[in-house]
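Remarks on the structure that follows.
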Amino acid sequence: MTTTLCRRTDAHALARLQREHGTSLYGFLLGLTFGDRHRAEDLLQETFFRAWKHPEVLESDHASMRPWLYTVGRRLAIDARRARLVRPAEVGPDALDGHAPVADDGTEQAVTGLDVRDALRSLSPEHRAVLVQIYFRGASVCEAAQALGVPAGTVKSRTYYALRALREALPGYGPGSATGPGAACGPVRSAAA
């Protein structure tokens, strides 16, 4: 005598059941899952798995298996929804990035400051004086020319060549560069742009 636990539904009977009711059952489950195709497919598969596990249902005297399949599918959908409601909400990695505390230790700015000081020291005194007036003291070209005792055209020329020399001395800090420490910040980026 074979017990129900050891018996499984015949593969041909299961294939016939899926051919006859699979499409309509999938449509029904798609409605229960509010159009979520993946969940509907999972529920459809689980419903037919239950039919496979319970051959006695196919052997019953039901006129159609559709009511049984729909009932099993609906109950599985309800159980899946309840399980999702008691679980914490799933979040992707993008949601975590916005809430992660950012340690602002100032290391990036310190490294950038050291690099800029070294690069400024490599400039000639005339070029350094122009940059100090224009970018660090915020003087206009005319004010810098007056403070340095040179014509405004000389201030413009020295500023151009000083910035060019800084770009060469700080290759990782130039506009559009994503390499080097402090590539996304620092006073040289704004000065060199």
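The values are calculated or read from the model by the stated rules, or taken from the named source; none is laboratory data. Fair warning: this is a prediction, and the values are worked out from it, not measured in the lab. Heads up, the Cβs are rebuilt from the backbone with ideal geometry, glycines too, and the neighbour counts pull from every protein chain shown. When the accessible area is computed, the model is the full protein with side chains, heavy atoms only, and any ligands, DNA or RNA have been set aside. Shrake-Rupley method; radii C 1.70, N 1.55, O 1.52, S 1.80 Å.
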Next item on the list: Would you point out the residue of the range 11-38, among those that are open to solvent by 60 Å² or more (accessible area, probe 1.4 Å) and touching a Leu at 6+ places or on another chain (Cβ under 8 Å), that is nearest to LEU69 (Cα to Cα)?
Entry: LEU32
Check: Taking the range 9-26 as the region of interest, how many residues are of a type outside the set (Phe, Trp, Tyr) and within 15 Å of LEU76 (Cα to Cα)?
Finding: 1
Checklist line | Subset of the range 104-122 [of a type in the set (D, E, K, R) and closer than 21 Å to ALA165 by Cα] | finding: ASP115, ARG117, ASP118, ARG121
Next item on the list: For GLY180, state whether it is at pLDDT below 85 and either in a helix (DSSP H, G or I) or surrounded by fewer than 19 Cβ atoms within 10 Å (Cβ to Cβ) (or both).
Entry: yes
Next item on the list: Please give the number of the condition ALA152 fails out of (1) among the aliphatic types (A, V, I, L, M); (2) open to solvent by 70 Å² or more (accessible area, probe 1.4 Å); (3) modelled with pLDDT of 85 or more.
Entry: (2)
